[in-house]
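What follows is one structure encoded as structure tokens, with my remarks underneath.
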Amino acid sequence: MAENLWAIGVDLGGTKIEVARVGAEGKLSQRLRRPTNIQSGPAAVKAEIVAAVRDLQEGASSLPAGVGVGVAGQVDSKRGLVRFAPNLGWRDEPLQPDLSQTLGLPVVIVNDVRAATLGEWLYGAGQGCNDLICLFVGTGIGGGVVSGGQMLSGCSNTAGELGHITIDTQGPSCHCGNQGCLEALAGGWAIARQAKDAVTANQVAGASLLKMAGGHSDAITAEIVAQAAKASDPLAVHLIDNVAQALIAGVVSLVNAFNPCRLILGGGVMEGLPELVQRIDQSVRQRALAAAIEPLQILPAQLHNDAGVVGAAALAMQTFNRLFSHGGYRGHREKQSKI
Ligand SMILES: [Zn+2]
């Protein structure tokens, strides 16, 4: 029986599909990465996932417990539909039934950031903790909230949109239609936008950033801004200071609202600026409610790019393998439908 304790995790994003073979202790043993061919339509993307899953099954002595798919978008897990995935251009796409039928395997789908939160919770920086928040600061900002041992899903399954809490009521416009969201101030796309605007407004101050982007302001990325800040470029340092202030304000709000034991910071922007974790920690301790910060730990994420596939595979194991149990996490079997 024990040899059956593995699953396949899929992380389906707008630019790439990651597919991995994951064991019961969250160990990733094999992975495949393919570009997401959005232009060819949903059927082609599904066929790509099917081919990758079959590749990973080759040579295995047992069937996987199932396939878990994290999708960058809003998901109806019960009906197996991707409700809306702007980066894929999908609406009401029956991903779970189509994959399950073609593969002949049980499949479960979930929002990608919630999958990553599950990964960090079970196997990363959140192990053994039943009250935690994961905040992933990448191109966009998203997260997951675990409270009392349950992943919060909300009334219509959209809980965890932590990037869209308002930080500045007069702030810049956000992709969601609101203005001054955390994501519109500190997400990777917003950092790039702010840098481009600053360089356009003052080419002398922006000379370093422009040079690093090959002379094209449109080529400035958040990564370039982070590198320039590390080299003490004054404009980049100023931009990253603003990002840090927005993140501090956001984390103070989350800590006061949810009282987590651990707040875990991950995503590409945090990985590029790891020193921000300590800076956020120090300021949050000065500004959040005393009773909320006393037990609080603020930690960097541990699984890095693997969190999504590992979490999606863990969800498949929890959902489909009745023998699966995880030592550090009580009650997950009762909670699985909430994820
Ligand atoms: Zn927003």
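Scanning segment 176-189 for residues being near the ligand (Cβ under 10 Å from one of its atoms) and without any contact (Cβ under 8 Å) to a residue 60 or more places away in the chain gives a total of 8. Pairs meeting the criteria (first residue in segment 280-297 and in contact (Cβ under 8 Å) with a residue 40 or more places away in the chain, second residue open to solvent by less than 30 Å² (accessible area, probe 1.4 Å), beta carbons under 8 Å, at least 6 apart or on different chains) are Leu296/Val255; Leu296/Pro260; Leu296/Leu263; Leu296/Val284; Leu296/Ala288.
Answer yes if at least one residue in segment 94-106 is acidic (Asp, Glu) and either surrounded by fewer than 20 Cβ atoms within 10 Å (Cβ to Cβ) or in a strand (DSSP E or B) (or both), and no otherwise. Yes, segment 94-106 contains a residue that is acidic (Asp, Glu) and either surrounded by fewer than 20 Cβ atoms within 10 Å (Cβ to Cβ) or in a strand (DSSP E or B) (or both). Applying the criterion of being of a type in the set (Ser, Thr, Tyr) and either open to solvent by less than 20 Å² (accessible area, probe 1.4 Å) or within 16 Å of the ligand (Cβ to nearest atom) (or both) to the residues of segment 138-165, the residue that is farthest from the chain's Cα centre (by Cα) is Thr158. Among the candidates Val277, Val237, Val269, Val255, the residue that is assigned to a helix (DSSP H, G or I), open to solvent by less than 10 Å² (accessible area, probe 1.4 Å) and either at pLDDT 95 or above or hydrophobic (A, V, I, L, M, F, W, C) (or both) is uniquely Val255.
Checking each residue in segment 76-93 for being within 17 Å of the chain's Cα centre (by Cα) and surrounded by fewer than 16 Cβ atoms within 10 Å (Cβ to Cβ) picks out Phe84, Pro86. Exactly one condition in (1) open to solvent by less than 10 Å² (accessible area, probe 1.4 Å); (2) within 16 Å of the ligand (Cβ to nearest atom); (3) not β-branched (Val, Ile, Thr) is false for Ser173; which is it? Among (1) open to solvent by less than 10 Å² (accessible area, probe 1.4 Å); (2) within 16 Å of the ligand (Cβ to nearest atom); (3) not β-branched (Val, Ile, Thr), Ser173 violates only (1).
Being touching a Leu at 6+ places or on another chain (Cβ under 6 Å), touching a residue at least 12 places away in the same chain (Cβ under 8 Å) and more than 22 Å from Gly140 (Cα to Cα) is a description that does not apply to Ala65. Given the structure, is Ala219 open to solvent by 10 Å² or more (accessible area, probe 1.4 Å), at pLDDT 95 or above and either more than 16 Å from the ligand (Cβ to nearest atom) or more than 16 Å from Ala246 (Cβ to Cβ) (or both)? The answer is yes for Ala219. Residues in segment 176-190 that are open to solvent by less than 10 Å² (accessible area, probe 1.4 Å) and either more than 23 Å from Val145 (Cα to Cα) or modelled with pLDDT under 95 (or both): Ala190 alone.
The values are calculated or read from the model by the stated rules, or taken from the named source; none is laboratory data. Quick caveat, the model's predicted, so the values are computed rather than measured. Note that we place each Cβ from the backbone using ideal geometry, even for glycine, and neighbour counts take in every protein chain shown. The protein model used for the area step is the full one, side chains on, heavy atoms only, and it has no ligands, DNA or RNA in it. Shrake-Rupley method; radii C 1.70, N 1.55, O 1.52, S 1.80 Å.
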